[in-house]
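Participant: Just dropping this structure here.
The values are calculated or read from the model by the stated rules, or taken from the named source; none is laboratory data. The structure displayed is predicted, hence computed values, not measured ones. Here Cβ is always computed from backbone atoms with ideal geometry, including for glycine, and neighbour counts include all displayed protein chains. Accessible surface areas use protein heavy atoms only, side chains included; no ligands, DNA or RNA. Shrake-Rupley method; radii C 1.70, N 1.55, O 1.52, S 1.80 Å.
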Amino acid sequence: MREGIRPADPAADTPPEDTRPAEDTRPGEARSYLVARNLPHFWCPGCGNGVILAAVARAFARLGLDRTETVVVTGIGCFGRADDYLDVNAVHGTHGRALAIATGIKAVNPALRVVALMGDGDCATIGGNHFLHACRRNLTITAVVANNLNYGMTGGQYSGTTPAGSTTSTSPLGHAEEGFDLCRVAAAAGAMYVARTTVYHVHLLDRYLEAALTHPGFSLVEVMSSCPVYFGRYNRLGGPVEMMEHWRQVAVPLERFRQLPEGEQRGRVAVGVFQDRAGIPFEERYWAVQQAARGTGAREVSER
Ligand code: SF4
């Protein structure tokens, strides 16, 4: 076991933050946002993607989203298949371009609710530049990233979030690079709402998704997800159950994580809300510019 993957530590077993369950959703309502004819899904047994998909469907149901006014955009990768299973408008894009496509859709029709579903390869690696600029630009788009720390679909290669020292199919002797901390990157780039949880902490996932989907400006929910077939196997993290246990044990509430010495932070996952700020989303600024160009309104928009 190398430095990137910290073995289970019972001392870290403290439920992050508030553990109250999110408001109840009747299962039938959430199921109505799934495309039953496409189920069962194609993901491997024990994959975390199903947990995230179900949480997205629950969030859509709790908010009562109009499926004709909701657009899910995906790129390529295992979680990129999520749009197959959601009964809303969907665009299945090219690798790393989900946020570029989402940006175009939202800019043309700000009335739509646009949700980009990506993996870490799609969002942070191939699509890293689009991610940075989506955070900076601050259109009201919700990005949900299933971070399984590798490229699962193509055989377990390392991605932009793979921790240093991890074993993957392209780093058999230990990954030499540090992985991105997606939430810190997004917060620094200017995203308005940024939160991270794991597939084990479903109560937080429900809450963060709802907050992100109702927040003006760019929002990110990063979900640390299990890929037992590649990342789990290469790093001897065990099967699906052991990987769930792994997330339970390495997750640390953000405030407590910040107080840990650097050496203690390594191998742990900070879980919580990294950023929650007010501001003017891009579509409002863009609308003001359009009005000014037509001579029908003032160009300025007041800061919040
Ligand atoms: S390869 Fe990994 S991420 Fe992809 S479906 Fe299988 S378990 Fe899930």
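Participant: Just name the residue that is farthest from the ligand (Cβ to nearest atom) out of those in the range 133-178 that are of a type in the set (S, T, N, Q), in contact (Cβ under 8 Å) with a residue 40 or more places away in the chain and not in a loop (DSSP other than H, G, I, E, B).
Facilitator: The qualifying residue farthest from the ligand (Cβ to nearest atom) is THR142.
Participant: Let me spell it out: the conditions are (1) out of contact with any strand residue (DSSP E or B) (no Cβ under 7 Å at 6 or more places or on another chain); (2) assigned to a helix (DSSP H, G or I), and LEU237 meets all of them except one. Which number is the exception?
Facilitator: (2)
Participant: Does at least one position in the range 78-91 carry a residue that is open to solvent by 50 Å² or more (accessible area, probe 1.4 Å), part of a loop (DSSP other than H, G, I, E, B) and polar (S, T, N, Q)?
Facilitator: Looking through the range 78-91, none of the residues is open to solvent by 50 Å² or more (accessible area, probe 1.4 Å), part of a loop (DSSP other than H, G, I, E, B) and polar (S, T, N, Q).
Participant: With respect to ASN38, determine if the residue is open to solvent by 10 Å² or more (accessible area, probe 1.4 Å), touching a residue at least 40 places away in the same chain (Cβ under 8 Å), farther than 26 Å from HIS246 by Cβ and of a type outside the set (A, V, I, L, M, F, W, C).
Facilitator: When the stated conditions are applied, ASN38 passes them.
Participant: Tell me which of these VAL221 doesn't satisfy, since it passes every other one: (1) crowded, with 22+ Cβ neighbours inside 10 Å; (2) within 14 Å of the ligand (Cβ to nearest atom).
Facilitator: Here VAL221 meets the rest and fails (2).
Participant: Can you tell me which condition GLU255 does not meet? The list is (1) surrounded by fewer than 20 Cβ atoms within 10 Å (Cβ to Cβ); (2) under 18 Å from the mean Cα position of the chain (by Cα), and all the others hold.
Facilitator: With (1) surrounded by fewer than 20 Cβ atoms within 10 Å (Cβ to Cβ); (2) under 18 Å from the mean Cα position of the chain (by Cα) applied to GLU255, the lone miss is (2).
Participant: Out of everything in the range 200-218 that is among the aromatic types (Phe, Trp, Tyr) and outside any helix (DSSP H, G or I), what residue ends up being nearest to the ligand (Cβ to nearest atom)?
Facilitator: So the residue we want is TYR200.
Participant: Here's another thing I want to ask about it. Of everything in the range 258-299, what is farther than 24 Å from THR103 by Cβ and assigned to a loop (DSSP other than H, G, I, E, B)? Give them in sequence order.
Facilitator: Those that are farther than 24 Å from THR103 by Cβ and assigned to a loop (DSSP other than H, G, I, E, B): LEU260, PRO261, ARG266, GLY267, ARG268, GLY295, THR296, ALA298.
Participant: Which residues, counting only those in the range 39-79, are within 10 Å of the ligand (Cβ to nearest atom) and within 13 Å of LEU117 (Cα to Cα)?
Facilitator: ASN49, GLY50, GLY77, CYS78, PHE79
Participant: Say we look at the range 225-238 and pick out the residues that are more than 17 Å from THR170 (Cβ to Cβ) and open to solvent by 10 Å² or more (accessible area, probe 1.4 Å); which of these is nearest to the ligand (Cβ to nearest atom)?
Facilitator: Restricting to residues being more than 17 Å from THR170 (Cβ to Cβ) and open to solvent by 10 Å² or more (accessible area, probe 1.4 Å), the top hit is PRO228.
Participant: Right, next: Considering only the range 126-159, how many residues are buried (at least 22 other Cβ atoms within 10 Å of the Cβ), over 30 Å from ALA111 (Cα atoms) and of a type in the set (Gly, Ala, Ser)?
Facilitator: Total satisfying the criteria: 3.
Participant: Hey, does the range 248-255 have a residue that's within 16 Å of the ligand (Cβ to nearest atom) and not charged (D, E, K, R)?
Facilitator: There is no residue in the range 248-255 that is within 16 Å of the ligand (Cβ to nearest atom) and not charged (D, E, K, R).
Participant: Could you tell me how many of the residues in the range 92-122 are farther than 21 Å from THR214 by Cβ, outside any helix (DSSP H, G or I) and open to solvent by less than 20 Å² (accessible area, probe 1.4 Å)?
Facilitator: 3
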